[in-house]
Each structure stands twice: as C-alpha cells, then as structure tokens.
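K.L.:
Supplied in structure tokens, the structure appears directly below.
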Amino acid sequence: MNKTNTLFTFVTIFLIVIPASGQKRDSRRQGKQSSRTVISRKINQSATRPRKAQPAKLLPLVPEYEYDQYSGTSRVDLKGSPVEEQSGASDVRLFVRYVYAKDWMQIGTQNDVLVAFSINVQKRVCTDDCMYTLILDGYEQPVRAASSVTQMGDGTINEFISKWMSPKVFKKITEAQTIQVKVGGVRFRLSDRQIDGMRQIVSFLRFRPFFN
C-alpha cells in the first residue's frame with residue numbers, strides 16, 4: 001500500500017469516528033436532560049398535590065374572672081362548650097360558674113359552684129326535679145338537679161339542667177380522669193379540655209373549714 005492510500009484510509013476512519021463520538025455525547029446530554037425533566041416533573045407534582053386537611057386544634061378553655069362591686073361577689077365562668085360522644089340529643093354544652101361573696105367564710109353567704117348542661121332535644125328528658133347519673137371513672141352516682149325548658153324556633157326544645165354544689169364536691173369531680181353523664185335517653189362525655197378547664201377553676205375555690 002502506498003502513502004497516498006494509507007493517508008486516505010486514515011482520514012476516512014477519522015471522519016467516521018468523530019460523528020459517532022459526537023452522537024454519543026448528544027445522546028448522553030439528551031438522557032441527562034430527560035432524567036432531569038422527569039425529576040422536575042415529579043417535584044412539581046408533589047408540590048401541587050393537595051395535602052390532607054389537618055383537624056383544627058381547639059384552644060384550651062380558660063376560666064374568666066369578674067368582680068361585681070354592686071353585690072360584692074366574685075364570679076368565675078367557664079363559657080359554654082360542646083361535649084363529646086353525645087347521643088340522644090342534637091347539641092349538648094357544658095357551663096360552669098363559681099360564685100362567692102366577699103364575706104364567703106360566713107355561713108349563709110354564697111360560695112357555690114354551678115355545673116349545668118344545655119341540651120337540645122325533640123322532647124323533654126327531665127322533669128323540673130331532675131335526676132341524672134354522673135359517671136366518674138366508671139363509677140355511677142345519682143345527682144338531683146333543676147331543669148328548665150325553652151321552646152326553640154325549629155320545633156325542638158332546649159333543656160337547661162343545673163346543679164349547685166359546694167367547692168369540695170366540685171373539686172372531687174375534677175379529680176376524675178373521665179366524666180360521663182346520663183340523663184333520660186341522652187348520654188355524653190366531657191372532653192379533656194373541659195375537664196382541664198374545670199380543674200383551673202379549682203385554684204379560685206374558697207373552702208370553709210368543716211362546712212364544704
């Protein structure tokens with residue numbers, strides 16, 4: 001083979017190799033771009049995917065203190081709040097109020113806690129002299145309470161069942177881990193935040209020696 005043929009063969013091989021290596025680089029670039037596009041698409045999809053709604057966290061129930069200068073009494077209120085696991089009623093709410101006079105140490109002056117339930121029902125569950133069952137950590141005890149009724153515009157009635165008790169009895173109730181109530185065909189449980197709110201009222205209580 002002469003020099004001319006050898007040079008021609010070398011140039012031909014060089015021209016063939018160069019485009020082939022260039023095509024490999026292009027295919028690698030395209031492969032990288034394609035994988036980047038897939039990753040980017042997945043990130044965008046995960047970012048735009050709707051997140052599951054988290055249940056709103058309820059704020060703690062905090063008692064409110066108020067002093068009445070005219071009557072000389074102090075009042076601590078736990079505003080109405082819905083109970084849990086209710087059955088037999090469309091709406092049940094707990095109310096707590098502690099009232100004590102300036103001279104609360106004297107016998108005959110006000111120093112009591114009101115525990116009340118507002119219950120929306122189709123028909124009355126209690127008479128005026130109402131009996132309901134308080135269940136503290138599984139142990140039942142009967143409670144005699146007062147009951148009043150208000151007729152609602154939608155045909156239902158709102159029954160307000162209330163019980164005044166001594167600070168000592170109220171404190172004993174708040175020591176329970178679970179508090180349930182049965183009144184007629186209605187049953188419900190107080191929430192943890194309600195029990196916690198009731199326990200906060202304990203710090204306001206005035207205890208008469210030998211009388212509470």
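Since every read-out is calculated from the coordinates, none of them should be taken as a lab result. Keep in mind it's a predicted model, so treat the numbers as computed, not measured.
K.L.:
In angstroms, what radius of gyration and Dmax does segment 140-190 have, counting Cα atoms only?
P.N.:
Considering segment 140-190 through its Cα atoms, Rg and Dmax are 13.6, 40 Å.
K.L.:
Bin width 10 Å, origin at 0, all Cα-Cα pairs of segment 71-185: what percent of pairs per bin?
P.N.:
Answer for segment 71-185: a P(r) of 13, 42, 32, 12, 1 percent.
K.L.:
So which of 79/123; 79/163; 57/172; 123/172 end up more than 21 Å apart, counting from Cα to Cα?
P.N.:
Numbers: 79/123 25 Å; 79/163 16 Å; 57/172 28 Å; 123/172 32 Å.
Over 21 Å apart, Cα to Cα: 79/123; 57/172; 123/172.
K.L.:
Using 0.36 nm times the number of residues separating residue 166 and residue 102, minus their current alpha carbon distance, what extension gain do you get?
P.N.:
Working: separation 64, 0.36 × 64 = 23.04 nm, distance 1.64 nm.
The span from residue 166 to residue 102 would gain 21.4 nm if fully extended.
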